[in-house]
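The values are calculated or read from the model by the stated rules, or taken from the named source; none is laboratory data. All figures in this text were calculated on a predicted structure; none of them were measured in a lab. Neighbour counts are summed over all protein chains in view; Cβ atoms, including those assigned to glycine, are modelled from backbone coordinates with ideal geometry. Only protein heavy atoms, including side chains, enter the accessible area calculation; ligands, DNA and RNA are left aside. Shrake-Rupley method; radii C 1.70, N 1.55, O 1.52, S 1.80 Å.
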Amino acid sequence: DRPQVGIVDVNLIAASTAGEILQAVEDLQQRGAAFFVLDLRDNPGGLLTAGVDVARLFLTDGVVIEQQYRGQKVESFQVEEPGPLAEIPLVVMINSGSASAAEIVAGALQAHGRASLVGVPSMGKDSIQLVFDLKDKSSLHVTAARWWVPGLDRPANGEGLQPDVVVNAATDPAIQDETLQEAVRILLGEN
């Protein structure tokens, strides 16, 4: 009888996301799940601070990310106290559609040795952009800052996070499921 695996699929990272993940994990635990897969595939990210808060759920200590605005000192985002989900067995799924704040979560968990990443390299969006809407309805995007995960190579030339286990999933849904099967095998130590 295999242990129950709970899958938490996160489509976007908003201010409410950390609380929603915590709620989802608690619900799944009540239904018997003991192992968890965090699915960040095709998650374009969202708020940097929300990404940091999500990573903090799963970490006990250390630095989540560092960021630097042009001409400013480097700022560190720390884990202030052990997260409520710091002990659950976890694997994270990523793909080329995982970007920005989703990469903050995945990268921080990988750098801390907290979770293996399964899938294909992420997008590699390490910039914080300010968006100015112009009168003609167009917008101007100005890169204001960069962020990185200490202990991981900075994404160079738009290269994203490198998975610990590569599963070459195209857009084929059958292969997407292979990524999930591989994640479950790693979680349960069946490889």
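Tabulated data
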{"item": "Long-range neighbours under 6 Å by Cβ, at least six apart or interchain, first residue in contact (Cβ under 8 Å) with a residue 40 or more places away in the chain within region 3-27, second crowded, with 16+ Cβ neighbours inside 10 Å and part of a helix (DSSP H, G or I)", "result": "V5/V184; I13/A50; I13/G51; I13/A101"}
{"item": "Qualifying positions in region 102-131 - open to solvent by less than 20 Å² (accessible area, probe 1.4 Å), closer than 18 Å to F35 by Cβ and either part of a loop (DSSP other than H, G, I, E, B) or of a type in the set (G, A, S) (or both)", "result": "A106, A115, G119"}
{"item": "Counted residues, region 1-45 - those being open to solvent by 50 Å² or more (accessible area, probe 1.4 Å) and assigned to a loop (DSSP other than H, G, I, E, B)", "result": "10"}
{"item": "Residue within region 97-110 that is modelled with pLDDT under 95, over 11 Å from the mean Cα position of the chain (by Cα) and under 21 Å from V167 (Cβ atoms) present", "result": "yes"}
{"item": "Extreme residue, most open to solvent (accessible area, probe 1.4 Å), among residues of region 73-101 that are closer than 12 Å to I128 by Cβ and not hydroxyl-bearing (S, T, Y)", "result": "E75"}
{"item": "Residue, least open to solvent (accessible area, probe 1.4 Å), within region 46-69, restricted to residues that are more than 16 Å from P150 (Cβ to Cβ) and without any contact (Cβ under 8 Å) to a residue 40 or more places away in the chain", "result": "L57"}
